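J.: Dumping the structure here so I can ask a few things about it.
Derivation of every value follows stated rules applied to the coordinates shown; laboratory data play no part. Quick caveat: nothing in here was measured; it's all calculated off a predicted structure. Glycine gets a Cβ as well: all are built from the backbone with ideal geometry, and neighbour counts include every protein chain shown.
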Amino acid sequence: MPSFFIRAANENDRPFIREFIARRWYGEAIIVHGEFFYPAELPGFVAMKDQRVLGLVTYHIRTPECEIITLDSLAEGMGIGSQLIQAVKKTAVEAGCICLTLITTNDNLEALGFYQKHDFRIRAVYPDAIERAREFKPSIPRLGNNGIPIRDEIQLEMKL
């Protein structure tokens, strides 16, 4: 049994989510496939232990798809990311969605492995999408994990 619990994000969480996202994602806005999202305004789930946040997922439902916008785990190897995905998956199924999607970047090799282990498959690759996103959000770094230039969006999908 996990040593943490998952709960739905609520209005009281919005200031924390705004600050958390700004710190971890280089600003309050997320640009995915050319669209702006503000995670503090989206539904989500929070992983908690002893009044401390261990993880956060935000999502957007546009039936028949549910898209994960952000997923952060602050403690690796505890199953936090897995449980957050399961919470969104359950919500998506209840909302009548037929798939769960997300976007990551070409440098995020660890995330690509993690998502594929959780039944996501690569659906599409959008070359140079990050270059276009930088026009609106110049704070996106040019180099990512392992010194890999951040250039492309990779869309993954899980059939529900």
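J.: With +1 on each Lys and Arg Cβ and -1 on each Asp and Glu Cβ, how big is the dipole of the chain about its Cα centre, in debye rounded to the nearest 20?
T.: Working: 19 positive and 21 negative charges, 42 e Å.
Using only the charged Cβ atoms, the result is roughly 200 debye.
J.: For a test of the definition: using alpha carbon positions, the gyration tensor, and the 1.5 limit on a/c, classify the chain as rounded, prolate or oblate. Walk me through the numbers on the way to the answer.
T.: Details: a/c = 1.44, a/b = 1.25, b/c = 1.15.
Rounded shape, in that the Cα axes give a/c under 1.5.
J.: What number of lysine-lysine pairs in the chain show an alpha-carbon separation below 22 angstrom, given a sequence spacing of 8 or more or placement on distinct chains?
T.: Numbers: Lys49/Lys89; Lys49/Lys90; Lys89/Lys117; Lys89/Lys159; Lys90/Lys117; Lys90/Lys159; Lys117/Lys159.
Step by step, the pairs that qualify in the chain add up to 7.
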